[in-house]
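Here's the structure, in structure tokens; my notes come after.
Quick note: the coordinates plus some simple rules give every number you see, no bench work behind them. As the structure is a prediction and not an experimental result, all values here were calculated from the model. Here the Cβ positions follow ideal geometry from the backbone for every residue, glycine too, while neighbour counts run over all protein chains shown.
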Amino acid sequence: MNSGYVKFFATNIGVKLEKILRRPLHRYGHILMSRRGVPAIEAAAWELDGLLVTIAPVERDYAKQACGALVGELVIEDGGVRQVTRSNLPRRARVCGSNIINMAAVWDVSNVDINAVAARL
């Protein structure tokens, strides 16, 4: 992960956001959402909104990017890879259930054993 994002997650709000994203329920949700072809962050988006709205608009985009990067790392840890479009660009999709996060990455977790992920969490 980018060193700037690491520094962000050391801040007060960053610690809270990271705690949400690393919850076992959300980590399992990241895999399930990805299995459905939905952005993984959608599993926790409803909970992130409450904290992201408290961040100044100038810094909010950076916080959203940091959250996306962390979700990406968590999905990669579980064995996922970034989906790509036919033109070999990273696939993104609209995030439903969030007023703050609009678009996010879609992950391919077809090779991930969901039961193994659940047992590990």
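Kindly express, to the nearest 10 degrees and within the range 0 to 90, the angle between helix 12-22's C-alpha long axis and the longest C-alpha principal axis of the chain. Helix 12-22 and the main axis of the chain meet at about 20 degrees. In terms of overall dimensions, region 33-83 has a Cα radius of gyration and Dmax of 12.0, 34 angstrom.
Rounded to 0.05, the FRET efficiency of the Arg36 and Lys7 pair, given R0 = 35 Å and the Cβ-Cβ distance, is 0.60. Between region 84-113 and region 18-52, the C-alpha centres lie 12 angstrom from each other. Report summary: the helix-based calculation at 222 nm, which adds -39500 (n - 2.57) for every DSSP H run with n ≥ 4 and divides by the residues of the chain, gives -16000 deg cm²/dmol.
For the options Ile41, Ile31, Ile76, a Gaussian network treatment of the chain with springs between C-alpha atoms closer than 10 Å singles out Ile76 as fluctuating the most.
The angle between the Cα long axis of helix 57-77 and the longest principal axis of the Cα atoms of the chain comes to about 30 degrees, rounded to the nearest 10.
Multiply the residue gap between Ala118 and Glu73 by 0.36 nm, knock off their C-alpha separation, and tell me the result in nm, one decimal place.
Details: separation 45, 0.36 × 45 = 16.20 nm, distance 1.70 nm.
Length gained between Ala118 and Glu73: 14.5 nm.
Taking the alpha carbon gyration tensor of region 3-112, multiplying each eigenvalue by 5 and rooting it gives semi-axes of 22, 15, 13 Å, largest first.
List the chymotrypsin sites (Phe, Trp or Tyr not before Pro) within region 30-121 that fall in a DSSP loop (any state other than H, G, I, E or B) and whose Cβ has at most 13 other Cβ atoms within 10 Å.
Values: sites: Trp46, Tyr62, Trp107; in loops: none.
When the chymotrypsin sites (Phe, Trp or Tyr not before Pro) of region 30-121 are filtered for loop state and at most 13 Cβ neighbours within 10 Å, nothing remains.
Loop only by DSSP, 15 or fewer other Cβ within 10 Å of the Cβ. Give me the trypsin sites (Lys or Arg not before Pro) in region 85-121 that pass, ordered by residue number.
Numbers: sites: Arg86, Arg91, Arg92, Arg94, Arg120; in loops: Arg86, Arg91.
Answer in residue order: Arg86, Arg91.
In this structure, the amide hydrogen of Trp107, modeled 1.01 Å from its nitrogen in the peptide plane, lies closer than 5 angstrom to those of Ala40, Gln83, counting only residues at least 5 positions away or on a different chain. Among the trypsin sites (Lys or Arg not before Pro) found in region 1-63, those both in a DSSP coil and sparsely packed, with 12 or fewer other Cβ atoms within 10 Å of their Cβ, are Arg36.
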